[in-house]
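Encoded as structure tokens, the structure appears first; notes follow it.
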């Protein structure tokens, strides 16, 4: 689904959605009621689309790692998140200790000007959408299990007809690489959706938000960022 279309549909719908997710796990983010989204399919679709995440743990100290992940919707009540990190990363201690974690999925975001509303006597704000998945980490070890995990990641991010096949690479090469990473699974105990998109505002204000977001200058692309980084003056 096109990202702009998905988010526009969310604003238009106003998120009058039925609660589907319950858990005894402590909430990880403050969510005003009007911004709370509990429709599991919508949240899973969001997680599939915005799957470069923040893996956040607090044991033995606060650590955050930025990684791509795969969501298995059918593993557990709320799904299971699968990924891996470098064995050199101190956060491996949290995975090996089966520590609790929060995995944060970030969507698009934008400044919202008061001039976009029908009555501009208000303050500016920032609209965004995030999903937090909380649970207990479980280490994935063993070469066969790790190859399966990596195959799932590659299938998600490679083009459908890509000729790339991890299994065709020399085992002597891939075994060494696999030895340098630690896989994990996290069955989701609590799924939290916070969508601050102005859905509580009047229809006229929603129309103003959509109109101006459609013409806003897009964020710098990864291509532009990479090109400018490559072209920067080299330090002496």
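The values are calculated or read from the model by the stated rules, or taken from the named source; none is laboratory data. All values reported here derive from a predicted model rather than from experimental measurement. Using ideal geometry, Cβ is built from the backbone for each residue, glycine included, and neighbour counts are taken over all protein chains shown.
A few remarks follow.
- Considering 8, 19, the condition of being at pLDDT below 95 and assigned to a loop (DSSP other than H, G, I, E, B) is satisfied by 19 alone.
- When residue 126 is tested against (1) within 28 Å of residue 149 (Cβ to Cβ); (2) more than 17 Å from the chain's Cα centre (by Cα); (3) surrounded by fewer than 19 Cβ atoms within 10 Å (Cβ to Cβ), exactly one condition is not met: (1).
- Of all the residues in the range 59-76, those that are within 15 Å of residue 91 (Cβ to Cβ) and modelled with pLDDT of 95 or more number 7.
- Number of positions in the range 151-174 that are in contact (Cβ under 8 Å) with a residue 24 or more places away in the chain and surrounded by 13 or more Cβ atoms within 10 Å (Cβ to Cβ): 4
- One residue alone among 144, 148 is closer than 22 Å to residue 82 by Cα, surrounded by 13 or more Cβ atoms within 10 Å (Cβ to Cβ) and free of Cβ contacts under 8 Å to residues at least 12 places away in the same chain, and that residue is 148.
- When the range 26-70 is limited to residues that are closer than 15 Å to residue 188 by Cβ and surrounded by fewer than 13 Cβ atoms within 10 Å (Cβ to Cβ), the one that is nearest to the chain's Cα centre (by Cα) turns out to be 41.
- Residues satisfying the stated conditions in the range 105-143, i.e. under 30 Å from residue 92 (Cβ atoms) and at pLDDT below 95: 141, 142, 143
- Options 139, 129, 94: the member that is in contact with a helix residue (DSSP H, G or I) (Cβ under 8 Å, 6 or more places away or on another chain) and under 18 Å from residue 28 (Cβ atoms): 129
- Count of the range 200-236 residues which are in contact with a strand residue (DSSP E or B) (Cβ under 7 Å, 6 or more places away or on another chain) and either outside any helix (DSSP H, G or I) or surrounded by fewer than 10 Cβ atoms within 10 Å (Cβ to Cβ) (or both): 1
- Within the range 181-190, none of the residues are more than 22 Å from the chain's Cα centre (by Cα) and either in contact (Cβ under 8 Å) with a residue 12 or more places away in the chain or over 30 Å from residue 88 (Cβ atoms) (or both).
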